[in-house]
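Colleague: Take a look at the following structure, please.
The values are calculated or read from the model by the stated rules, or taken from the named source; none is laboratory data. None of these values were measured; they are calculated from a predicted model. Counting neighbours? That spans all protein chains shown, and the Cβs are built from the backbone with ideal geometry, glycine included.
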Amino acid sequence: MNGFLKVQATLPLSQFRLQVDLSLASPVTALFGPSGAGKTTLLEIIAGLRTPQQGLVEMNGTVLFSSEKRIHLPPQARGIGYVPQEGALFPHRSVRGNILYGRKRSPHGAPIPMEHVIEVLEMDSLLERRVSQISGGERQRVALARALLSNPRLLLLDEPLAALDISLKERILPYLLRVRDEFRVPMLYVTHNTTEVLSMAQWVVFLRRGTVIAQGFPRDVLSSREVLPQVENGQLENVIQGSVLDANRELGITTLSLTDATTLSVPFAEKVRGEKIQVSIPAHEILVATEEPRGLSARNVLPGRITSVQCVRESCFLKVDAGFPFLVRITPSAVEKLGLREGVPVFLIMKTHSFRIL
């Protein structure tokens, strides 16, 4: 794959040797893997905060680092916005002061309007407050705004949701999706959360002990034999994009169109007809039947066909084509009892309230 970002890097670390050779072209690439896999180190090499023993970092044809040619552009000259895990804000400055610091680091091109960033990240009420007076989620929005105002050619996000509790994560993820869609700055997004990978990225690179184990489309990589055993507790989610057909407040239901023939009922959301939204449902929340069920309270029953079965320890994962490629987690005994194998037609059963609006 020919990419706008090429990274060849070798660096001995305390527990292993980082050795990668990547060419990335996707608008948003996720770096996925367990803690201590080398994801943050790789970001720091790209940003110019750490020097590899040997290698090459090239962005849009510009060499940022080359051990062979002895080129090493400093971080401020690379045109890269970097949001570390803790945000790294200036505590003595206001939110406005922190954001404006990003503008001072804008080295090239027409700047992104500050008003636009503030509007997208809904920060107007925060501008005059001190960093010490705002929440963790608000600090992440400030760090993101500061990085955007540096007018980056590439945005590096190092586990931006890792330090937040579940409720804050659910509130911040939509802002990240807005930034992705509104500003269209290429992103490298570090995470070990599968929902973030599936909702944010078009491409994923799986790292383990400094080595690229797999890369490709997120759904394929996360369900592959190499990666699936590494997914924490088997907690895989299906992230689905659909167009709103109807939003019924009285029933508490939003109807989504996935294809001309496939619809889903999900929890109510204040959306208008035709608007595209993303929803997620955990793989273990989907039930499987080999005959069409009747008399159920569940509103979503989709016919499909199994395209693969993969068992890892106490779980089996089915890939099912039901107008959308669903991933389903069930027990090995259920696979045996129902005779589930590739090519078998099945029905997927999903409760409305098992879905979450992203």
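Colleague: Taking segment 71-85 as the search range and keeping residues that are part of a strand (DSSP E or B) and farther than 19 Å from Tyr189 by Cβ, which one is nearest to the chain's Cα centre (by Cα)?
Modeller: Looking at residues that are part of a strand (DSSP E or B) and farther than 19 Å from Tyr189 by Cβ, I get His72.
Colleague: I've got another one for you. Filter segment 110-129 down to the residues that are over 26 Å from the mean Cα position of the chain (by Cα), loosely packed, with under 13 Cβ neighbours inside 10 Å and not in a helix (DSSP H, G or I) and list them by number.
Modeller: Selection gives Ala110, Glu128.
Colleague: Would you tally the residues in segment 161-179 being touching a residue at least 40 places away in the same chain (Cβ under 8 Å) and either of a type in the set (Gly, Ala, Ser) or in contact with a strand residue (DSSP E or B) (Cβ under 6 Å, 6 or more places away or on another chain) (or both)?
Modeller: Here the count works out to 2.
Here's the yes/no breakdown for (1) assigned to a strand (DSSP E or B); (2) surrounded by fewer than 21 Cβ atoms within 10 Å (Cβ to Cβ):
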{"site": "Leu18", "(1), (2)": "yes, no"}
{"site": "Leu31", "(1), (2)": "yes, no"}
{"site": "Ser35", "(1), (2)": "no, yes"}
{"site": "Pro52", "(1), (2)": "no, no"}
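Colleague: Can you confirm whether segment 61-80 contains a residue that is farther than 27 Å from Ala163 by Cβ and acidic (Asp, Glu)?
Modeller: yes
Colleague: Out of all the residues in segment 317-330, is one or more exposed (fewer than 15 other Cβ atoms within 10 Å of the Cβ), farther than 25 Å from Leu256 by Cα and of a type outside the set (Lys, Arg)?
Modeller: Within segment 317-330 (the criterion being exposed (fewer than 15 other Cβ atoms within 10 Å of the Cβ), farther than 25 Å from Leu256 by Cα and of a type outside the set (Lys, Arg)), the answer is no, since none of the residues qualifies.
Colleague: Considering each residue of segment 307-345, count those that are of a type in the set (Val, Ile, Thr) and more than 29 Å from the chain's Cα centre (by Cα), and give that number.
Modeller: Number satisfying all stated conditions: 2.
Colleague: Restricting attention to segment 315-352, which residues are touching a Lys or Arg at 6+ places or on another chain (Cβ under 8 Å) and of a type in the set (Lys, Arg)?
Modeller: If the condition is that a residue be touching a Lys or Arg at 6+ places or on another chain (Cβ under 8 Å) and of a type in the set (Lys, Arg), then Lys351 is the only one that fits.
Colleague: In the set Gly81, Gly87, Gly48, which member is within 19 Å of Ala147 (Cα to Cα), buried (at least 16 other Cβ atoms within 10 Å of the Cβ) and modelled with pLDDT of 95 or more?
Modeller: Of Gly81, Gly87, Gly48, the one residue that is within 19 Å of Ala147 (Cα to Cα), buried (at least 16 other Cβ atoms within 10 Å of the Cβ) and modelled with pLDDT of 95 or more is Gly48.
Colleague: Can you tell me which residue among Val197, Val205, Val179 is at pLDDT 90 or above and either assigned to a helix (DSSP H, G or I) or at positive phi (or both)?
Modeller: Val197
Yes/no per residue for (1) touching a helix residue (DSSP H, G or I) at 6+ places or on another chain (Cβ under 9 Å); (2) more than 21 Å from Pro186 (Cβ to Cβ):
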| residue | (1), (2) |
| --- | --- |
| Gly48 | yes, no |
| Gln53 | no, yes |
| Arg96 | yes, yes |
| Tyr101 | yes, yes |
| Met123 | yes, yes |
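Colleague: For segment 295-353, give me each residue that is in a strand (DSSP E or B), in contact (Cβ under 8 Å) with a residue 60 or more places away in the chain and of a type in the set (Phe, Trp, Tyr).
Modeller: Answer for segment 295-353, where residues must be in a strand (DSSP E or B), in contact (Cβ under 8 Å) with a residue 60 or more places away in the chain and of a type in the set (Phe, Trp, Tyr): Phe317, Phe326.
Colleague: For segment 290-306, give me each residue that is of a type outside the set (Lys, Arg) and either over 27 Å from the mean Cα position of the chain (by Cα) or more than 18 Å from Thr259 (Cβ to Cβ) (or both).
Modeller: Passing the criteria: Thr290, Glu291, Glu292, Pro293, Gly295, Leu296, Ser297, Ala298, Val301, Pro303, Ile306.
Colleague: Scan Arg249, Arg153 and give me the residue that is more than 13 Å from the chain's Cα centre (by Cα), at pLDDT 90 or above and over 30 Å from Arg273 (Cβ atoms).
Modeller: Result: Arg153 is the single residue among Arg249, Arg153 that is more than 13 Å from the chain's Cα centre (by Cα), at pLDDT 90 or above and over 30 Å from Arg273 (Cβ atoms).
Colleague: Okay, moving on. Please verify whether Ala269 is in the same structural domain as His353 (by TED's automatic domain parsing), outside any helix (DSSP H, G or I), in contact (Cβ under 8 Å) with a residue 60 or more places away in the chain and among the aliphatic types (A, V, I, L, M), treating the condition exactly as stated.
Modeller: yes
Colleague: For residues that are touching a strand residue (DSSP E or B) at 6+ places or on another chain (Cβ under 6 Å) and loosely packed, with under 13 Cβ neighbours inside 10 Å, scanning just segment 214-251, find the one that is nearest to Lys271 (Cα to Cα).
Modeller: Among those that are touching a strand residue (DSSP E or B) at 6+ places or on another chain (Cβ under 6 Å) and loosely packed, with under 13 Cβ neighbours inside 10 Å, it is Pro229.
Colleague: Return the only residue of Leu161, Leu89, Leu157 being outside any loop (DSSP other than H, G, I, E, B) and in the same structural domain as Leu188 (by TED's automatic domain parsing).
Modeller: Leu157
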